[in-house]
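This report concerns only the one structure given below.
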Amino acid sequence: MQERRIKKSAAIYTPLILMLYDWWVLGISNRFAWKCPTRSVLLPFFCRHVSVRHMDVGVGTGFYLANAKLKSGTEVTLLDLNRNSLHAAQARIRHMHPQSIQHDIMMPLPVGHRVFDSISLFYLLHCLPGNFSEKENVVINIKRQLSPDGVLFGATILGEDANHNRFGKKLMALYNRKGIFGNQSDTMQGLRAMLERNFRNVDIRQHGKVALFTARDAAVRYSHSK
Ligand SMILES: C[S@@+](CC[C@H](N)C(=O)[O-])C[C@H]1O[C@@H](n2cnc3c(N)ncnc32)[C@H](O)[C@@H]1O
């Protein structure tokens with residue numbers, strides 16, 4: 001059942017939905033519902049943390065990679081459960097020759113898979129069902145793929161406690177009912193606790209109804225090196 005709900009969070013991204021995605025989600029919804037504009041807040045945050053050895057998890061249309069003006073020679077890996085999303089993002093950044101992995105990030109990546117200096121996780125956590133403890137596998141699986149100095153950074157729309165406006169409440173109710181979102185009980189405290197269970201150095205701030213986070217120094221590496 002839980003597995004089916006996770007798949008549901010990716011299944012919505014058909015080629016048609018992806019054609020409308022940037023306009024509706026990154027344009028209208030981010031500005032008017034979630035109060036966290038894409039070009040002035042989320043894109044600069046992405047640009048600040050992306051490195052030359054980067055993996056994007058939950059790629060959507062590949063908007064951030066396509067607009068980030070990456071350094072030449074940047075190696076990009078795209079990971080998504082949905083093949084349509086992988087195709088859309090890959091087509092958009094074809095010139096970077098990205099590697100694509102079709103994979104459910106709730107499951108560990110194959111052992112021996114390469115590591116990255118930065119991994120982005122934008123707008124995926126709020127799509128997954130359950131509370132942050134149930135979503136923790138995402139972070140556990142990602143931290144295994146980070147180099148020792150690597151950074152996980154991302155953004156996620158907060159739940160009902162965030163005091164959404166009328167437009168936001170309407171979208172939240174509809175998306176949670178349809179299984180497109182699973183974020184009703186997502187809070188800043190829950191996100192912080194989940195990240196701090198896995199990383200020594202966590203930074204979170206809220207912009208509008210969105211939490212923006214960075215996490216470094218995976219806790220497991222410290223326990224291994226002691
Ligand atoms: C809301 S879109 C976010 C797109 C982009 N990162 C952005 O911020 O605009 C969520 C993406 O996560 C993918 N996704 C959902 N559940 C997933 C899972 N369990 N594993 C990997 N990808 C998943 C979806 O297919 C979709 O491409």
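Coordinate-derived values only; no laboratory data. Note that this is a predicted model, so its numbers are computed, not measured. Every residue, glycine among them, receives a Cβ derived from its backbone with ideal geometry; neighbour counts consider all protein chains shown.
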* **Peptides 27-34, 52-59 ordered by average Cβ neighbours within 10 Å, highest first** => 52-59, 27-34
* Over the chain, what is the relative contact order in whole percent, taking alpha-carbon pairs under 8 Å and six or more residues apart? -> 20 percent
* Structure fact -> Lys pairs in the stretch 2-225 with Cα under 23 Å (8 or more apart in sequence, or on separate chains) total 20
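So if R0 is 25 Å, what FRET efficiency would D161 and L20 give, r being the distance between their Cβ atoms, rounded to the nearest 0.05? Write out the running numbers ahead of the final one.
On the way: r = 29 Å, r/R0 = 1.16.
It comes to 0.30.
If I stretch the segment between I28 and H113 completely, what's the gain in nm (0.36 nm per residue apart, minus their alpha carbon distance), one decimal? Display every interim value, and only then the final one.
Details: separation 85, 0.36 × 85 = 30.60 nm, distance 3.73 nm.
Separation in residues times 0.36 nm, less the Cα-Cα distance, equals 26.9 nm.
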* To do: Based on alpha-carbon positions alone, could you give the equivalent ellipsoid semi-axes of the stretch 45-103 from the gyration tensor, as √(5λ), descending, whole Å?
  => 17, 11, 10
* Structure fact -> Expected sort for 156-163, 168-175 on mean C-beta neighbours within 10 Å, highest first, is 156-163, 168-175
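Take each of the peptides 114-126, 9-21, average the number of other beta-carbon atoms within 10 Å over its residues, and list them starting from the highest. Can you show the working numbers first?
Numbers: 114-126: 21.3, 9-21: 16.1.
So the order, starting with the most tightly packed, is 114-126, 9-21.
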* On a C-alpha basis, how far is the centre of the stretch 45-116 from the centre of the stretch 181-202 in Å? Whole number, if you could? => 23 Å
* **Debye, to nearest 20: dipole size of the stretch 22-148, +1 on Lys, Arg Cβ, -1 on Asp, Glu Cβ** => 400 debye
* Counting alpha carbon pairs within less than 8 Å and at least 6 residues apart, what relative contact order, in whole percent, applies to the stretch 43-99? -> 39 percent
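Taking a ≥ b ≥ c as the square roots of the eigenvalues of the Cα gyration tensor of the stretch 13-70, is the shape rounded (a/c under 1.5), prolate (a/b larger than b/c) or oblate? Could the numbers behind the result be given before it?
Details: a/c = 2.50, a/b = 1.27, b/c = 1.96.
Here the stretch 13-70 falls in the oblate category.
What length, rounded to one decimal in nm, is gained on full extension from S133 through to I204, with 0.36 nm per residue of separation minus their alpha-carbon distance? Write down the numbers at each step before the final one.
Details: separation 71, 0.36 × 71 = 25.56 nm, distance 1.73 nm.
Taking 0.36 nm per residue and subtracting the Cα distance, the gain is 23.8 nm.
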* Taking the Cβ of each residue in L26, L70, L79 as the centre, tally the other Cβ atoms inside 10 Å and list the residues starting with the fewest. => L70, L26, L79
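Grab the Cα-Cα distance for E196 and A173, subtract it from 0.36 nm times how many residues apart they are, and report the gain in nm with one decimal. Show your work: numbers first, answer last.
Values: separation 23, 0.36 × 23 = 8.28 nm, distance 2.92 nm.
Separation in residues times 0.36 nm, less the Cα-Cα distance, equals 5.4 nm.
Dipole of the stretch 2-225, Cα-centred, from +1 at each Lys and Arg C-beta and -1 at each Asp and Glu C-beta, to the nearest 20 debye? Provide the component values of the computation, followed by the final result.
Values: 30 positive and 16 negative charges, 94 e Å.
That gives a dipole near 460 debye.
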* To do: In vacuum, with every alpha carbon of the chain counted as one equal point scatterer, what does the Debye formula give for log10 I(q)/I(0) at q = 0.09, 0.18 Å⁻¹? Two decimals, please.
  => -0.33, -1.52
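For n ≥ 4 DSSP H runs only, could you compute -39500 (n - 2.57) per run for the chain, divide by its residues and tell me the 222 nm figure to the nearest 500?
Working: 9 runs with 82 residues, N = 226.
About -10500 deg cm²/dmol.
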* Structure fact -> Per its Cα gyration tensor (rounded if a/c is under 1.5, else prolate when a/b beats b/c, else oblate), the stretch 92-199 is best filed as prolate
